[in-house]
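Dropping the structure in here first, questions after.
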Amino acid sequence: MVMENALLYYIIVVNIVTFLVYGIDKWKAKQGSWRISEATLLILAVIGGSIGALLGMKVWRHKTQHKKFKYGVPAILIIQIITIGYLSIKLVSMETYFRA
């Protein structure tokens with residue numbers, strides 16, 4: 001139970017941070033100042049912030065025309081959902097196996 005809570009808190013925090021970073025980058029773009037690299041923005045999505053990235057793209061209207069963001073971030077989210085589903089099924093089957 002502790003592990004699930006820690007994972008949930010991690011996902012929440014990384015998505016909030018990712019959302020804010022996308023907003024900061026959009027603000028910096030409007031100011032014409034130093035920007036956050038695209039690689040950093042994508043890495044934040046990969047490490048669990050894909051929902052925050054998608055929300056940031058929508059709310060801030062940021063990176064919506066770049067193909068690697070327009071298609072890449074949703075693809076990252078789909079891969080993450082599939083991975084979590086697969087691992088959940090494996091975990092349940094392992095628990096069932098060890099209880100028998």
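The values are calculated or read from the model by the stated rules, or taken from the named source; none is laboratory data. Model, not experiment: these values are computed from the prediction. Virtual Cβ from ideal backbone geometry, glycine too; neighbours counted across all protein chains shown. Remember, those area values only see protein heavy atoms, side chains included, never the ligands or the DNA or RNA. Shrake-Rupley method; radii C 1.70, N 1.55, O 1.52, S 1.80 Å.
Filter the range 1-23 down to the residues that are within 11 Å of residue 44 (Cα to Cα) and of a type in the set (S, T, N, Q) and list them by number.
Of everything in the range 1-23, those that are within 11 Å of residue 44 (Cα to Cα) and of a type in the set (S, T, N, Q) turn out to be 15, 18.
Return the residue satisfying two criteria in turn: it lies in the range 36-50 and is more than 18 Å from residue 81 (Cα to Cα) and either hydrophobic (A, V, I, L, M, F, W, C) or in contact with a Cys (Cβ under 9 Å, 6 or more places away or on another chain) (or both), and of such residues it is most open to solvent (accessible area, probe 1.4 Å).
It comes out as 39.
Return the pair list, or none, for Cβ contacts closer than 6 Å from residues in the range 70-97 that are under 22 Å from residue 22 (Cα atoms) and among the aromatic types (Phe, Trp, Tyr) to residues that are open to solvent by less than 100 Å² (accessible area, probe 1.4 Å) and in a helix (DSSP H, G or I), at least 6 apart or on different chains.
From the range 70-97, no pairs qualify.
Would you check which residues across the range 22-35 are in contact with a helix residue (DSSP H, G or I) (Cβ under 7 Å, 6 or more places away or on another chain), open to solvent by 30 Å² or more (accessible area, probe 1.4 Å) and within 22 Å of residue 51 (Cα to Cα) and list them?
Hits for the range 22-35 are 26, 35.
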